[in-house]
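**Student:** The structure is given below, and queries will be raised subsequently.
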Amino acid sequence: MISPRKCLKAQEPSALLARVTHEERFTSGSGTIRVSNPLPTGIPGPGHASDGTGEQPRSERLPAPHRPALNIGTFTPCYRQVIVKLAIFPALLAISAVAFGAGDTLVLDTMSQELQRNFDALKKADTPPYFMAYEITDLNTHVVGATLGVLSSTSDSHNRYLDVTVRVGDPAMDNYRRARGEQVQFTSAAPVTIEDVPGALKQRMWLETDRVYRAAADRLVRIKTGQQVKAADRDQSADFSKEESYVHTESLNQPVWGEEKWAQSARDWSRDFRDYPDLLSSNVTVSIQQDNRYFASTEGTKIQQGRGFARIMISASAKAKDGMDVSDFDSFEAFDTNGLPSADKVHAAIKKVATHVEDLLKAPVAEPFVGPAILSGRAAGVFFHEIFGHRIEGHRQKDESEGQTFTQKVGEKILPDFLTVTFDPTLKSIAGVDLNGYYEYDDEGIKARPIVSVDHGVLKNFLMSRSPIDGFDHSNGHGRRQPGREVVSRQSNLIVSSTKAVSDAQLKQMLVDEIKRQNKPYGIFFDNITNGFTTTQRGGLQAFSVVPVIVYKVFADGRPDELIRGADIVGTPLASFAKILATSDKLEVFNGFCGAESGSVPVSAVSPAILISEIEVEKKQQGQDLLPLLPSPLASASAPAANGGSR
């Protein structure tokens, strides 16, 4: 089961992709689905394909075709046909890419040909599909990591994953209809060849289509049976929306990566941490990822798009005398390595992170507190992502197991009237920072577009995939997933704007005034934040938590701000919204990866700092392990440096 908890993290998870082995299984509404290859039945094996379909105009819109509702029955496979086709398959593998004449769009054209072949074959079944789609995600990743002046890791990987969508029934009710407590799962991120050999690609598509079709037809029967014995859901919307089709091809992303250059840079930067002997761990990681995606559907959509993502991640941690772990981090992101900062800026960031961690070791522990606070722009971005963003994802509005905080509040005021919240996946950068939530087409082949979700405090729109809900019949380009997961509506670039914006100095004075008005001993300033999570389902608390790393007490009597450690933000969404008083006039960006039902997807949260009249702080969980008994070798001035000399 997928946990109901949704999480936003600054750092990409170490296992971002849900790599699926032949023995792994997913639990779905149709029971346990084995990912291993099925007995090849149902679809004839791939034969000699025709030439490429030809180059179509880029970004061309095609009218959405009309497909009649289809009857559901039982499909009897034709084993003899499969055996004949399999016998000729080795010869197909040897066909060169040139024979298909597709050039730069060979993968996309191969997908379209095999998709149509399989669709035509399955239309003869008693339970025919009315829609099918293939998506191939091509990930090429390079990473170097260093600590204390020496390399700690290097990795290079190139993988392709195939996701298959088969919808049987009709748009009003199909095999993707969600039942309470069930997680629909058909696709499996099947690995495919990284070489552009049409025969090898088609063979994998063929087998995966057969497996997914069988599971889809089986689940539709279960759904129809369940409709007769279970109470109807409140939202009777269709399961799939009719949308415009698109054809869009662009050049594939080709990252520029010089491993020796970045390995030496990581060594040089990480060597700075040798000046801080109290640190237990420190790391500098440089990474770049090429993410090229190909999408084809039986509606005629053909998308080929690519993006890059380069990052420098700096982190350090230590342990206080009472056993509490303390840490800090900083990061720089860009679409390619040319956008990464100069060496001087990285050295300055390392010094700042290391100094923060050493200062945290001496800082007092936070106590439970309720009172006024300022969240920096980065902290506020995560705050809005968790307490608001997940609750307006469209699929949650029709899922009866969800809390549905805002389902019935369209047209009502849910935020102060000086706040507007927009989700804009088409925005590539803001405030000089490249945005991780940028894309042109979503994972259902729908063109991305900006969506004003809250306009001057009033809820206007939900984030929509092709799963309709009451009052919202169409996608707005927010159907997203990581390979191996089914598409649901997800966040992109969240942008908070304000008409009640003041300077940072004025905002802090407003905090001091609020401390005095409430007669509190102090207020709180949350400077840097590492992640957050929330629960949205009815079975759990409708709550959120944001995990800061740099937090200060702010005093009204003029005393200097005091660094504290071990403070976590907790609360409930509706209560928190009503207490926002004002914002700063400067935007900050939090780039990260958000984990939820459809896996880990890249997102950004952009916000000014916000002043809140009341926020709750709880003490962080504290470990019991004490400091190492032996002194650090870095504490001695004569300890050998990484380059063989002394420091």
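**Student:** Ordered by packing density, taken as the mean number of other Cβ atoms within 10 Å over each peptide's residues, highest first, how do 150-156, 460-466 rank?
**Tutor:** Working: 150-156: 12.6, 460-466: 23.0.
By packing density, highest mean first, the sequence is 460-466, 150-156.
**Student:** For the stretch 182-203 and the stretch 485-500, compute the distance between their C-alpha centroids and round to whole Å.
**Tutor:** 29
**Student:** Just to be sure I understand: if I project the alpha-carbon convex hull of the stretch 272-328 onto a plane and average over all orientations, what area do I get in nm²?
**Tutor:** 6.6
**Student:** Quick one: check the C-alpha center-to-center distance for the stretch 248-265 versus the stretch 508-533, whole angstrom.
**Tutor:** Cα centroid of the stretch 248-265 versus Cα centroid of the stretch 508-533: 42 Å apart.
**Student:** Taking a 1.4 Å probe, which of T355, T249 shows the most accessible area, and what order do the others take after it? Walk me through the numbers before you get to the answer.
**Tutor:** Numbers: T355 50, T249 20 Å².
Largest to smallest exposure gives the sequence T355, T249.
**Student:** Separate question: List the lysines whose Cα sits under 26 Å from the Cα of K302, skipping any in the same chain fewer than 8 residues away.
**Tutor:** Of all the lysines, those that pass the test against K302 - Cα under 26 Å, at least 8 places apart if same chain - are K123, K124, K202, K242, K428, K447.
**Student:** In the stretch 256-355, which trypsin sites (Lys or Arg not before Pro) fall in coil by DSSP and have 12 or fewer other Cβ atoms within 10 Å? Write out the running numbers ahead of the final one.
**Tutor:** Numbers: sites: K261, R267, R271, R274, R293, K302, R307, R311, K319, K321, K345, K351, K352; in loops: K321.
Answer in residue order: K321.
**Student:** Okay, moving on. Post the alpha-carbon centroid distance, the stretch 110-174 to the stretch 610-634, in whole angstrom.
**Tutor:** The stretch 110-174 and the stretch 610-634 have Cα centres separated by 42 Å.
**Student:** At a Cα cut-off below 19 Å, give the lysines reachable from K579, other chains included and same-chain residues fewer than 8 away excluded.
**Tutor:** Leaving aside lysines fewer than 8 places away in the same chain, those within reach of K579 are K409, K413, K500, K508, K516, K520.
**Student:** Semi-axes of the stretch 133-263's equivalent ellipsoid from the Cα gyration tensor, sqrt of 5 times each eigenvalue, largest first, rounded to whole Å?
**Tutor:** On the way: eigenvalues 334, 75, 47 Å².
Ellipsoid half-lengths, sorted descending, are 41, 19, 15 Å.
**Student:** Given R₀ = 22 Å, FRET efficiency for K586-D344 by Cβ-Cβ distance, to 0.05?
**Tutor:** Working from the Cβ atoms, E equals 0.45.
The values are calculated or read from the model by the stated rules, or taken from the named source; none is laboratory data. What you see is a predicted model, and the numbers here were worked out from it, not measured in a lab. Glycine also receives a Cβ, built like all others from the backbone with ideal geometry; neighbour counts cover every protein chain displayed. In case anyone asks, the SASA skips ligands and DNA or RNA and just uses the protein heavy atoms, side chains included. Shrake-Rupley method; radii C 1.70, N 1.55, O 1.52, S 1.80 Å.
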